[in-house]
Amino acid sequence: MKTYIVGGAVRDELLGVAVKDRDYVVVGATPEQMIAQNYTPVGKDFPVFLHPVTHEEYALARTERKTAPGYKGFVFHTDAGVTLEEDLIRRDLTVNAMAKDADGRIVDPFDGRRDLEQKIFRHVSSAFAEDPVRILRVARFAARFPQFSVAMETNALMQAMVAAGEVDALVPERIWQELARGLMETQPSHMFAVLRDCGALKRILPELDILWGVPQPAAHHPEIDTGKHVMMVVDYAAQQNLSLPIRCAALLHDLGKGMTPPESWPRHHGHEMHGTKLVEAVCQRLKIPGDCRDLSVMTAREHGNIGRALELRAATIVTLFERCDAFRKPQRFIDMLQASECDHRGRTGFAEKPFPQNAYLQSALAVAQTVNGGEIAALTQQRYPDQARRIPEAIRTARIKAVALAIAEDPASGDPAIQ
């Protein structure tokens, strides 16, 4: 019975990256032997055990056989005779198919260390093609290690998997799980580049894939291409270490530009309306969580208005707050402002350009929040005891006046009074 550290922990140690989690494989053992040593069984599909002291997971060495389409169609086999190499050959990439024994020796039967040095993601064996999740995993690794490239033969294999319909068997929850993890890596654009190169993006997120080649006005978008712009926006959000909902909103904010008629290019009038509907549909199809969905829908609908904030009248600003439910959920509104700032800065040459709209609208919201709605309601009810419908309008009027006065008195706004 021998125990090895395997997979990502070995890879990251060789790269000099902090190791977060360790996976262990046990060779030459049976479930009964593990239980006899006080390991707790927890695996459903194949034997996995929790260490009696550290509670880390230890899996018995296993082989697997493809029995049905998709990533769940496998039968696993474990017994004391399964070797370490038989276990490693079923893994996805050579850089993840290394092991370290108890004495610190690296076991590397598939030249993973060489591929680490050459910064290449290469599949271990033809078994890679049996699990479509591996396409998403390679793409996610590309976002984490943007200096790596995918081997030509691995990309060709992934293209063949897409053509065979393997990606179509992925369930929405798993697609979103991998996309979300990739969005939280250091350079998410590399994930989407890998998915585009093999054709998978067109199958799992065609609304995004169509944006490459769609032009935008050069004066506002020196990068021209909408797809390139969206990738710059997402990468800027990652550079700022922003939350997943904001990164999701950054990814989906311009989907409407793929729906505007070509004769309207490059200006894309009305793309916010198209985009709102598309974002709702994408979030429903991929079962994207509510916080990401709500912020993405709002950003798609309002990012043009946020960009024009300095031109809006006080009444229009208050209407914007109301439409976005900003008085009840101010943080979500602030997150939308942050996503809109990413939209502004995610353009060639714009990363350091000012975006005063964010602070401007946050200040206006803070002023509007100082209006005492309860006090106004009580006074309005005293004056019009049988006309409760006047209360919301009285509160709204007070908020508009407060915002208008604040804008007029704020010399830093750079704007004349908006009355």
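A short reminder: the numbers here are calculations on the coordinates, not readings from a lab. As the structure is a prediction and not an experimental result, all values here were calculated from the model. Neighbour counts run over all protein chains shown; Cβ positions are idealised from the backbone, glycine included.
Which shape class applies to the stretch 144-301: rounded if a/c is under 1.5, otherwise prolate when a/b exceeds b/c and oblate if not, where a ≥ b ≥ c are the square roots of the Cα gyration tensor eigenvalues? Walk me through the numbers before you get to the answer.
Numbers: a/c = 1.41, a/b = 1.31, b/c = 1.08.
It is rounded, given that a/c, with a ≥ b ≥ c, falls under 1.5.
By how many degrees, between 0 and 90 and to the nearest 10, does the Cα long axis of helix 226-239 differ from the longest principal axis of the chain?
Helix 226-239 sits roughly 80 degrees off the main axis of the chain.
Per residue of the stretch 152-158, in order, report the coupling 6.51 cos²θ - 1.76 cosθ + 1.60 (Karplus, θ = phi - 60°) as ³J(HN,Hα) in whole Hz, putting x for Gly and Pro.
4, 5, 6, 4, 4, 5, 5
Please identify the cysteines of the chain that lack any partner cysteine with a Cβ under 4.7 Å from their own Cβ.
Here Cys198, Cys283, Cys324, Cys342 come out as lacking a disulfide-compatible partner, given the Cβ-Cβ threshold of under 4.7 Å.
As an exercise, identify the trypsin sites (Lys or Arg not before Pro) in the stretch 86-156 lying in DSSP coil whose Cβ has no more than 16 other Cβ atoms within 10 Å.
Numbers: sites: Arg90, Arg91, Lys100, Arg105, Arg113, Arg114, Lys119, Arg122, Arg134, Arg137, Arg140, Arg144; in loops: Arg90, Arg91, Arg105, Lys119, Arg122.
Answer in residue order: Arg105, Lys119.
Hey, can you grab everything whose amide H is under 5 Å from the amide H of Trp212? Only 5+ residues off in sequence or another chain; H modelled, so Pro and N-termini drop out.
Here the answer is Gly227, since their amide H atoms fall under 5 Å of that of Trp212.
Past 31 Å, Cα to Cα, is the threshold; run Lys119/Lys287; Lys2/Lys287; Lys257/Lys353; Lys119/Lys277; Lys277/Lys329 against it and keep the listed order.
Result: Lys119/Lys287; Lys2/Lys287; Lys119/Lys277 exceed 31 Å.
Taking the Cα centre of each part, how many Å lie between the stretch 95-144 and the stretch 4-22?
So the separation of the two Cα centres works out to 12 Å.
Using the Cα gyration tensor of the stretch 236-365, with a ≥ b ≥ c the square roots of its eigenvalues, what is the shape: rounded (a/c below 1.5), prolate (a/b larger than b/c) or oblate (neither)? Could the numbers behind the result be given before it?
Details: a/c = 1.25, a/b = 1.14, b/c = 1.09.
It is rounded, given that a/c, with a ≥ b ≥ c, falls under 1.5.
What is the calculated FRET efficiency for Arg390 to Arg332, with r their C-beta to C-beta distance and R₀ = 30 Å, to the nearest 0.05?
That gives a FRET efficiency of 0.55.
From the helices alone, meaning DSSP H stretches of at least four residues, give me the mean residue ellipticity at 222 nm for the chain, per-run term -39500 (n - 2.57), in deg cm²/dmol to the nearest 500. If you can, show how the numbers build up before the last one.
On the way: 19 runs with 207 residues, N = 419.
For the chain, the value works out to -15000 deg cm²/dmol.
I'd like to know which of Leu183, Ala193, Gly373 lies farthest towards the positive end of the charge dipole of the chain, counting +1 on Cβ of Lys and Arg and -1 on Cβ of Asp and Glu.
Value: Gly373.
Given contacts defined as C-alpha pairs under 8 Å and at least six residues apart, what's the relative contact order of the chain, whole-number percent?
This gives 9 percent for the chain.
Determine the distance separating the Cα centre of the stretch 176-255 from the Cα centre of the stretch 352-410; give it in Å without decimals.
The distance from the Cα centre of the stretch 176-255 to that of the stretch 352-410 comes to 37 Å.
Can you list the residues, at least 5 places off or on another chain, whose amide H is less than 5 Å from the amide H of Glu223, using H built in the peptide plane?
It is Thr348, by chain and number.
What list of ³J(HN,Hα) values in whole Hz, one per residue of the stretch 393-401 in order, does the Karplus curve 6.51 cos²θ - 1.76 cosθ + 1.60 (θ = phi - 60°) give from phi, with Gly and Pro shown as x?
Here the 3J(HN,Hα) series is 5, 5, 5, 4, 4, 5, 5, 5, 4 Hz.
Output ³J(HN,Hα) for the stretch 179-187: one whole-Hz value per residue in order, computed from phi by the Karplus curve 6.51 cos²θ - 1.76 cosθ + 1.60 with θ = phi - 60°, and x for Gly and Pro.
4, 4, 5, x, 4, 8, 7, 6, 9
Explain nothing, just the number: dipole magnitude of the chain about its Cα centre with +1 on each Lys and Arg Cβ and -1 on each Asp and Glu Cβ, in debye rounded to the nearest 20. Please report the intermediate quantities before stating the final value.
Values: 50 positive and 54 negative charges, 192 e Å.
Around 920 debye, computed over the chain.
Put +1 on the Cβ of every Lys and Arg and -1 on every Asp and Glu Cβ in the stretch 203-263; which of Leu251, Gln216, Gln240 then has its Cα farthest towards the positive end of the dipole?
Gln240
Taking the Cβ of Ile106 as the center, what net charge do the other residues with Cβ under 14 Å away carry, scoring Lys and Arg +1 and Asp and Glu -1?
Local net charge: -4.
Give the calculated FRET efficiency between Thr319 and Ala359 to the nearest 0.05, with a Förster radius of 22 Å applied to their Cβ-Cβ distance.
0.65
Show the residues, 5+ positions off or on another chain, whose built amide H is closer than 5 Å to the amide H of Cys324.
Those lying under 5 Å, H to H, from Cys324: there are none.
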